[in-house]
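**Q** Provided herewith is a single structure, encoded as structure tokens, for subsequent inquiry.
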């Protein structure tokens, strides 16, 4: 099993399972999930044994949506580095 921040990747019997892993926040979608899902998908794409992918959430919820606490911290200006990283991500998406 590969472990990314807030994300687990398991490959077994030709099936890859990506698990959003922030059950304490009902798997609210974090910036680390946004960054790590493409890495997990790249890992899966390189594995010829994988024939199917399941995306699930740890705990009682699949995904509660965006991480509101993180959004509020960005708005309040408490996460300058995260704001910069988010802008870099948006620019990279627009350029691809």
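**Q** Would you check which residues across the stretch 28-40 are out of contact with any helix residue (DSSP H, G or I) (no Cβ under 8 Å at 6 or more places or on another chain), over 13 Å from residue 54 (Cβ atoms) and touching a residue at least 12 places away in the same chain (Cβ under 8 Å) and list them?
**A** Answer for the stretch 28-40, where residues must be out of contact with any helix residue (DSSP H, G or I) (no Cβ under 8 Å at 6 or more places or on another chain), over 13 Å from residue 54 (Cβ atoms) and touching a residue at least 12 places away in the same chain (Cβ under 8 Å): 29, 32, 33, 36, 37, 39.
**Q** Hey, residue 35 hits all of (1) surrounded by fewer than 18 Cβ atoms within 10 Å (Cβ to Cβ); (2) modelled with pLDDT of 90 or more; (3) closer than 23 Å to residue 73 by Cβ but one; which does it fall short on?
**A** (2)
**Q** In the stretch 1-31, what count of residues is obtained for those that are closer than 16 Å to residue 68 by Cβ and not in a strand (DSSP E or B)?
**A** 9
**Q** Quick one: how many residues across the stretch 41-62 are surrounded by 11 or more Cβ atoms within 10 Å (Cβ to Cβ), closer than 26 Å to residue 28 by Cβ and in contact with a helix residue (DSSP H, G or I) (Cβ under 8 Å, 6 or more places away or on another chain)?
**A** Here the count works out to 5.
**Q** Also, quick follow-up: For the stretch 32-46, what are the residues that are out of contact with any strand residue (DSSP E or B) (no Cβ under 6 Å at 6 or more places or on another chain) and more than 20 Å from residue 70 (Cα to Cα)?
**A** Within the stretch 32-46, 38, 39, 41, 42, 43, 45, 46 qualify.
**Q** Run residue 10 past the list (1) touching a strand residue (DSSP E or B) at 6+ places or on another chain (Cβ under 6 Å); (2) touching a residue at least 24 places away in the same chain (Cβ under 8 Å) and report the number of the one that doesn't hold.
**A** (2)
The values are calculated or read from the model by the stated rules, or taken from the named source; none is laboratory data. Remember, it's a predicted structure, so these values are computed and weren't measured experimentally. Reconstructed Cβ throughout: ideal geometry from the backbone, glycine too, with neighbour counts over all protein chains shown.
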